[in-house]
Amino acid sequence: MKPTLLNNILPHQTNQKIIKHLANHYWFVAWDNKMDRLERLFSSKNSGFNLVTMDKGKPQLDSVLNVYGEMIFDIIIERLQIKGTLDRVYWNMYLKNSEGDYHQDRPDENCLSALYNLHTTDGGVEIDGKFYGDVESQAKVFKSNTLHMGFGPKKDNVRFNLNLVVRT
């Protein structure tokens with residue numbers, strides 16, 4: 001199933017403010033499956049970094065990043081004309097040649113994932129076998145139980161994005 005692409009979610013200036021917050025934040029080594037962070041760090045694949053500011057509907061950090069995540073969530077559900085609750089706010093930072101693993105965000109049938117691009121890069125995401133490049137202010141919305149994998153840029157230095165999980 002192809003994702004729904006929503007364009008022009010936030011203005012460029014707002015995306016830049018978010019990136020500035022992210023650039024000055026602490027990060028954790030990313031992992032997509034059950035591998036622990038230390039094991040992932042020393043594996044053959046660089047998976048980039050992540051920051052979870054909300055999970056299972058509960059803030060993990062008291063951060064303005066949750067306000068931005070909720071704002072993007074509100075715009076997405078309004079444009080899709082659906083009802084839902086925000087389940088997860090998960091920020092990603094991929095460096096050159098970072099690559100995730102195929103995974104599901106949630107196995108639950110009534111969850112949607114929204115991958116929001118903070119800037120345009122030559123990185124992107126593969127969803128259900130098809131690659132979608134990063135386009136600034138675009139959200140790619142799909143069922144959370146769909147296999148997908150993130151890719152870092154090859155030419156650009158860094159790729160920032162947001163992964164929301166919406167419970168419908």
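The values are calculated or read from the model by the stated rules, or taken from the named source; none is laboratory data. As the structure is a computational prediction, the values presented were derived from the model and not from experiment. Don't worry about glycine lacking a Cβ; one is built from the backbone with ideal geometry, like all the others, and counts go over all protein chains shown. Note: accessible area is taken over every heavy atom of the protein model, side chains too, but ligands, DNA and RNA are not part of it. Shrake-Rupley method; radii C 1.70, N 1.55, O 1.52, S 1.80 Å.
I'd like the residue in the range 88-103 that is over 21 Å from Asp128 (Cβ atoms) and within 16 Å of the chain's Cα centre (by Cα) and, out of all such residues, is surrounded by the most Cβ atoms within 10 Å (Cβ to Cβ). Can you show your working first?
Quick first cut of the range 88-103, residues over 21 Å from Asp128 (Cβ atoms) only: 89, 91, 93, 95-97.
Retained after the next criterion (residues that are within 16 Å of the chain's Cα centre (by Cα)): 89, 91, 93, 95.
Numbers: Val89: 26, Trp91: 24, Met93: 21, Leu95: 16.
In this case the residue turns out to be Val89.
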For Asn163: the one exception among (1) open to solvent by 10 Å² or more (accessible area, probe 1.4 Å); (2) in contact (Cβ under 8 Å) with a residue 24 or more places away in the chain: (1)
Members of the range 1-15 found to be closer than 18 Å to Ile127 by Cβ, surrounded by 11 or more Cβ atoms within 10 Å (Cβ to Cβ) and of a type in the set (A, V, I, L, M), listed by number: Leu5, Leu6, Ile9
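Could you grab me the full set of residues in the range 98-133 that are of a type in the set (Phe, Trp, Tyr) and either at pLDDT 95 or above or closer than 14 Å to Asn161 by Cβ (or both)?
Step one: of the range 98-133, the residues of a type in the set (Phe, Trp, Tyr) are 102, 116, 131-132.
Selection gives Tyr116, Phe131, Tyr132.
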Within the range 57-87, considering residues that are assigned to a strand (DSSP E or B) and touching a helix residue (DSSP H, G or I) at 6+ places or on another chain (Cβ under 8 Å), the one surrounded by the fewest Cβ atoms within 10 Å (Cβ to Cβ): Pro59
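Give me a count of the residues in the range 45-54 that are open to solvent by 40 Å² or more (accessible area, probe 1.4 Å) and within 13 Å of the chain's Cα centre (by Cα). Let's see the steps before the verdict.
So in the range 45-54, the residues open to solvent by 40 Å² or more (accessible area, probe 1.4 Å) come out as 45-46, 49, 52.
Subset that is within 13 Å of the chain's Cα centre (by Cα): 49, 52.
So the count comes out to 2.
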Residue match in the range 115-123 (condition: in contact with a helix residue (DSSP H, G or I) (Cβ under 6 Å, 6 or more places away or on another chain), in a strand (DSSP E or B) and open to solvent by less than 20 Å² (accessible area, probe 1.4 Å)): yes
